[in-house]
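Asker: Quick one: structure below, then a few questions.
The values are calculated or read from the model by the stated rules, or taken from the named source; none is laboratory data. Everything quoted here is computed from the prediction, not taken from an experiment. With ideal geometry, Cβ positions are generated from the backbone for all residues, glycine too; neighbour counts draw on all protein chains shown. What goes into the accessible areas is simple: the full protein's heavy atoms, side chains included, and nothing from ligands, DNA or RNA. Shrake-Rupley method; radii C 1.70, N 1.55, O 1.52, S 1.80 Å.
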Amino acid sequence: MALGDILAFSFDTFARNRVRFALTALGMVIGTASVILVVTVGLAGKEYVLREIESIGVNWVFAEYEGGAQGTTGTTSDPLTIRDFDAVMEQVPAIAAGSPIVELYEQVPVNGGRQANVYILGVFPEYERVRNLVVTSGRFLDTEDARARSKAGVITENMAQQLYGSKDQAVGQVIKLSGLPFTVIGTFKERVNTFGRSEVTDNTMVIPYTVSRLFTNSEKVKQLYFSVASPNEVVAATDQIHEVIRSRHRRESVYSVSNLTELVSVANKSANALTIVLLLIAVVTLVVSGIGIMNIMLSTVVARTREIGIRKAIGATRREICLQFLSEALLISLIGGIVGVILGLSLPISIRLFTDFQLPISGASVIVGIFVSSIVGISFGTIPAVRAARMDPVESLHYE
């Protein structure tokens with residue numbers, strides 16, 4: 001028999017036993033659909049996390065003083081200064097923008113005679129760009145505010161809501177810091193959650209760095225923030241910044257210079273690990289469905305013993321008998337795999353069509369689903385096919 005005749009005969013057998021074979025293929029449908037959905041969920045989660053990190057700023061590098069070296073006692077503090085910032089900006093060409101941060105704490109009077117604790121940050125106008133902030137009303141600090149030492153400030157959207165009822169009503173209000181009146185010129189918020197790596201609190205007020213120096217009378221700064229021109233230069237720029245800072249201070253002083261590259265790497269690894277775990281669960285489903293295929297094919301071999309004996313008696317070879325039953329197992333698994341792929345793709349496609357959320361669709365998962373279903377059909381259909389091929393035709397003809 002030609003291969004086409006064998007496949008046609010297998011399809012006829014499948015058509016005559018549609019319900020039994022359909023129920024057998026159901027496990028393959030579920031398993032293949034699970035593979036598609038698992039990959040889709042994994043890719044969607046990975047893209048979401050990476051988008052969140054990119055919204056913070058993958059080009060973001062920040063430095064701060066951690067203290068003396070371990071085991072060192074009796075040494076004086078050696079904090080970062082504005083001169084360190086100037087040196088980094090001059091010696092690291094990859095940096096596109098930057099801002100020092102001076103931190104202050106104040107209790108300020110608000111409406112109703114209440115007192116509010118405010119965390120104040122003295123920054124450059126470039127701080128908005130470096131931190132990728134969102135101005136929700138009014139405007140942010142500009143170069144003129146810094147140059148003129150304007151008594152202006154920008155507060156968080158949450159602080160504006162608590163103190164003045166809304167972000168719009170906060171603009172134009174006056175907050176006194178150590179008796180000096182500061183006019184609120186705008187409100188802001190962080191673009192996304194910064195995973196605990198944020199100096200911005202709910203009650204944060206941002207003022208020009210030049211004005212913050214009036215309160216500290218010192219060149220000391222809390223942190224240095226930088227934005228690198230290209231994501232490809234972040235790691236190299238981080239090392240260069242660290243080297244510049246270390247060269248300007250005592251050897252025993254410890255400074256942390258970090259970026260979000262490591263966080264991106266961890267997010268990638270976590271998403272990939274979760275996808276692999278879920279894929280293993282889906283593979284278990286496919287294996288179980290494969291066992292079901294093997295079980296039904298073994299039962300089919302027993303039920304068709306006389307048929308096998310007759311076919312052998314009229315000249316069918318072992319190879320033809322083996323191919324016939326193997327093709328039936330492969331047909332069941334392929335039909336289940338194709339239906340599973342259709343069901344697995346229907347959910348993300350429906351979401352893309354009827355909502356604004358764009359779930360990623362992996363063409364590789366479709367290929368893998370069809371390939372795995374074929375392998376399962378061949379693997380678990382081999383034993384029944386070989387058993388049928390090895391039957392003795394004489395004994396098969398006498399089987400009742």
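Asker: What's the number of the only condition in (1) of a type in the set (A, V, I, L, M, F, W, C); (2) modelled with pLDDT under 65; (3) open to solvent by less than 80 Å² (accessible area, probe 1.4 Å) that Leu7 fails to meet?
Answerer: Exception for Leu7: condition (3).
Asker: Inside region 243-262, can you point out the residues that are part of a helix (DSSP H, G or I) and surrounded by fewer than 17 Cβ atoms within 10 Å (Cβ to Cβ)?
Answerer: Glu243, Arg246, Ser247, Glu262
Asker: If Asn272 satisfies all but one of (1) open to solvent by less than 60 Å² (accessible area, probe 1.4 Å); (2) touching a residue at least 60 places away in the same chain (Cβ under 8 Å); (3) polar (S, T, N, Q), what's the number of the condition it fails?
Answerer: Failed condition: (1).
Asker: Out of all the residues in region 337-356, which are closer than 19 Å to Phe380 by Cα and out of contact with any Ser or Thr (no Cβ under 6 Å at 6 or more places or on another chain)? Before the answer, list the steps.
Answerer: Filtering region 337-356 down to residues closer than 19 Å to Phe380 by Cα leaves 337-338, 340.
Of everything in region 337-356, just one residue is closer than 19 Å to Phe380 by Cα and out of contact with any Ser or Thr (no Cβ under 6 Å at 6 or more places or on another chain), namely Ile338.
Asker: Let me confirm something: among Val29, Val19, Val38, Val49, which residue is within 19 Å of the chain's Cα centre (by Cα), over 25 Å from Glu128 (Cα atoms) and either surrounded by fewer than 13 Cβ atoms within 10 Å (Cβ to Cβ) or at pLDDT 60 or above (or both)?
Answerer: Exactly one of Val29, Val19, Val38, Val49 is within 19 Å of the chain's Cα centre (by Cα), over 25 Å from Glu128 (Cα atoms) and either surrounded by fewer than 13 Cβ atoms within 10 Å (Cβ to Cβ) or at pLDDT 60 or above (or both), namely Val38.
Asker: Next question. Is at least one residue of region 166-183 crowded, with 21+ Cβ neighbours inside 10 Å, in contact (Cβ under 8 Å) with a residue 40 or more places away in the chain, of a type outside the set (Val, Ile, Thr) and farther than 21 Å from Arg213 by Cα?
Answerer: The answer is no; no qualifying residue exists.
Asker: With the checklist (1) under 30 Å from Arg83 (Cβ atoms); (2) in contact with a Ser or Thr (Cβ under 7 Å, 6 or more places away or on another chain) in hand, flag the one item Leu330 doesn't pass.
Answerer: Checking Leu330 against (1) under 30 Å from Arg83 (Cβ atoms); (2) in contact with a Ser or Thr (Cβ under 7 Å, 6 or more places away or on another chain), the one that fails is (1).
Residues checked against (1) more than 18 Å from Pro100 (Cα to Cα); (2) among the charged types (D, E, K, R):
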| site | (1), (2) |
| --- | --- |
| Leu121 | no, no |
| Glu126 | no, yes |
| Val130 | no, no |
| Phe140 | no, no |
| Arg147 | no, yes |
| Val171 | yes, no |
| Phe188 | yes, no |
| Thr204 | no, no |
| Ile207 | no, no |
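Asker: Is region 215-234 home to any residue that is touching a residue at least 24 places away in the same chain (Cβ under 8 Å), over 30 Å from Ser150 (Cα atoms), touching a strand residue (DSSP E or B) at 6+ places or on another chain (Cβ under 6 Å) and not charged (D, E, K, R)?
Answerer: Yes, region 215-234 contains at least one residue that is touching a residue at least 24 places away in the same chain (Cβ under 8 Å), over 30 Å from Ser150 (Cα atoms), touching a strand residue (DSSP E or B) at 6+ places or on another chain (Cβ under 6 Å) and not charged (D, E, K, R).
Asker: Filter region 307-362 for residues that are assigned to a helix (DSSP H, G or I) and among the charged types (D, E, K, R) and give the result.
Answerer: Glu307, Arg311, Lys312, Arg318, Arg319, Glu320, Glu328, Arg352
Asker: Next question. Report every pair of residues separated by at least 6 positions or lying on different chains whose Cβ atoms are under 8 Å apart, first residue within region 94-108 and closer than 8 Å to Tyr225 by Cα, second of a type in the set (Asp, Glu).
Answerer: From residues that are closer than 8 Å to Tyr225 by Cα, the pairs are Gly98/Glu126; Ser99/Glu126; Ile101/Glu199.
Asker: Taking Ala316, is it modelled with pLDDT under 75 and open to solvent by 10 Å² or more (accessible area, probe 1.4 Å)?
Answerer: Answer is yes for this residue.
Asker: May I pose another question? Confirm whether Ser346 is surrounded by fewer than 20 Cβ atoms within 10 Å (Cβ to Cβ) and of a type in the set (Gly, Ala, Ser).
Answerer: yes
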